[in-house]
Amino acid sequence: MVTSENPLDFDKIKRILIVRNDNIGDVVLTTPAIEALRKHYPDAYIAILVAEYARGAIDGNPHLDKIYSYQKAKHSDGSKLLAWWRQYKVIKKIRKGKLDLAIGIRSVFSPSQGRLVFASGAPMRLGHYPKKRKYLSFCYNIYADENPDKTHEIIRSLNILRKIKVDIEKKDIFFFVPEEEKKKVREFLERNKLKKEKKLVCLHISGRVGEGRWWDPVNYISLSDSLAEREDVDLVLNWPPKEASIGDEILSKIKNRPIIFESRGIKSFAAFLQKCDLLITLQGGAMHIAAALKTPTIAIFDKADPDVWHPWGEGHIVLKKGNNPNLVTVEDVIDAVDKKIGVKSCRRPDL
């Protein structure tokens with residue numbers, strides 16, 4: 001561990017790696033910390049290592065020189081040994097960069113992140129002390145202070161950097177949307193005759209059933225039917241490819257079939273969100289992407305703490321009742337829609 005008797009000169013840092021190997025939303029919320037590093041070290045080489053499925057959340061970030069990504073073994077369609085071998089090759093490339101500093105930016109200690117930071121070969125390794133797994137304390141040699149309760153994840157990421165005297169005053173999330181994706185969305189809006197005089201509302205269907213992150217399809221069906229009758233709304237449904245079967249089930253039972261936006265990936269979805277007046281979604285990555293794009297959001301929360309994970313910025317509404325998102329009713333969501341875009345011919349569902 002670094003001590004006052006064995007200090008490290010942070011001013012001499014020239015090559016930095018950030019490791020954030022969790023979910024899309026988490027990576028998005030790291031962007032203010034990335035910007036803070038760039039402003040503090042304007043001439044440094046700054047790279048990031050993320051999971052492959054989250055790469056789109058960070059592609060195009062102007063404060064990064066390099067993005068490394070790897071497929072997690074648990075997400076591999078083939079052999080886990082092959083996935084680990086590919087991960088090893090990524091680490092080998094990183095080590096050739098002769099890093100000065102590697103940062104585990106997650107707000108609590110993660111064994112997988114700690115091992116990746118240690119494997120980077122950086123002599124300075126910053127992250128949280130593993131209180132429950134002290135045998136992994138070798139992963140870091142600079143320990144960040146513990147975060148106070150009820151601190152937003154953006155601030156938690158920055159708290160880690162404060163250990164090396166890095167901070168930023170204005171904390172904006174950044175998300176890059178390519179021009180070609182914006183063009184495709186404009187064509188989609190024209191093709192479907194979506195008019196500017198109406199509010200464009202995206203109902204995003206997503207969830208992780210095993211983690212209790214799921215809103216019953218009956219709720220989506222009822223909400224869609226209600227919103228479709230509004231005179232001031234153009235309703236568009238969207239879901240990630242992995243939720244296609246649930247999306248098809250919902251579509252088959254909706255009275256007035258809405259328009260569907262089939263996103264080809266994170267960038268495609270973001271380009272569409274950028275044009276929306278309102279997003280309705282479960283707590284998760286879509287919510288954080290929308291916040292980065294300044295799209296107002298109604299977020300239905302599960303057990304996650306809104307103080308830590310609420311959509312960043314103003315103009316959003318969080319709906320939470322206990323730890324089960326299904327305690328949030330369709331009526332609750334419609335009331336929130338009324339607050340955001342007014343009340344015009346909205347049929348209340350029979351609950």
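The values are calculated or read from the model by the stated rules, or taken from the named source; none is laboratory data. All figures in this text were calculated on a predicted structure; none of them were measured in a lab. Reconstructed Cβ throughout: ideal geometry from the backbone, glycine too, with neighbour counts over all protein chains shown. Note: accessible area is taken over every heavy atom of the protein model, side chains too, but ligands, DNA and RNA are not part of it. Shrake-Rupley method; radii C 1.70, N 1.55, O 1.52, S 1.80 Å.
Arranged from highest to lowest average of other beta-carbon atoms within 10 Å per residue, in what order do the peptides 239-252, 89-102, 185-198 appear? Don't jump to the answer; show the numbers that get you there.
Numbers: 239-252: 14.9, 89-102: 16.9, 185-198: 12.4.
Highest to lowest by the protection proxy: 89-102, 239-252, 185-198.
Would you grab the residues whose amide H sits under 5 Å from the one on Leu282? Only those 5+ places off in sequence or on another chain, please, with H modelled 1.01 Å from N.
For Leu282, whose amide H was placed from the backbone, the distant partners under 5 Å are Ser206, Ile300.
Where only protein heavy atoms count, and the probe is 1.4 Å, what is the accessible area per residue for the chain in Å²?
Values: 16960 Å² over 351 residues.
Here the per-residue accessible area is 48 Å².
Ranked highest first by average number of other Cβ atoms within 10 Å, how do 31-42, 128-139, 286-297 line up?
Values: 31-42: 20.1, 128-139: 14.3, 286-297: 25.1.
Result, highest mean first: 286-297, 31-42, 128-139.
Along the charge dipole of the chain, which of Gly265, Leu189, Gly284 sits closest to the positive end, that is, farthest toward it, with unit charges on the beta carbon of Lys, Arg, Asp and Glu (+1, +1, -1, -1)?
Value: Gly265.
For the range 185-257, give the percent of accessible area contributed by carbon and sulfur heavy atoms, probe 1.4 Å, rounded to a whole number.
Values: 1830 of 3850 Å².
On the range 185-257, the fraction of accessible area on carbon and sulfur atoms equals 48 percent.
So what is the calculated 222 nm ellipticity per residue for the chain, using -39500 (n - 2.57) for each DSSP H run with n of 4 or more, over all residues, to the nearest 500 deg cm²/dmol?
Working: 12 runs with 116 residues, N = 351.
Calculated from helices alone, the mean residue ellipticity at 222 nm is -9500 deg cm²/dmol.
Please give the peptides 322-335, 270-283 ranked by average Cβ packing (other Cβ atoms within 10 Å per residue), highest first, as a rough proxy for protection.
Values: 322-335: 17.1, 270-283: 23.6.
Highest to lowest by the protection proxy: 270-283, 322-335.
Long-range amide H contacts for Tyr129: which residues qualify at under 5 Å (H placed 1.01 Å from N, peptide plane, sequence gap of 5 or more or a different chain)?
Sorted by chain and number, the residues that satisfy this are Ala144.
Could I get the Rg over Rh figure for the range 124-170? Both from C-alpha atoms, Rh via Kirkwood, rounded to two places.
1.00
Could you state, as a whole-number percent, how many of the C-alpha pairs of the chain are farther apart than 40 Å? Write out the running numbers ahead of the final one.
Details: 11323 of 61425 pairs.
Here the tail beyond 40 Å accounts for 18 percent of pairs.
Mind listing the phi-derived Karplus ³J(HN,Hα) values for the range 137-146, rounded to whole Hz, using 6.51, -1.76 and 1.60 with θ = phi - 60°, and x for any glycine or proline?
Calculated HN-Hα couplings, in order: 5, 5, 4, 10, 10, 10, 9, 6, 6, 5 Hz.
Largest first and to the nearest Å, give the Cα extent of the range 55-186 along each principal axis.
Principal-axis extents of the Cα atoms in the range 55-186, largest first: 52, 44, 29 Å.
Where the centroid of each part is defined by its Cα atoms, how far is the range 147-166 from the range 179-234 in Å?
Distance between centres, Cα-based: 34 Å.
Using modelled backbone amide H atoms (1.01 Å from N, in-plane), which distant-in-sequence or interchain residues come within less than 5 Å of Ser69's amide H?
Val50
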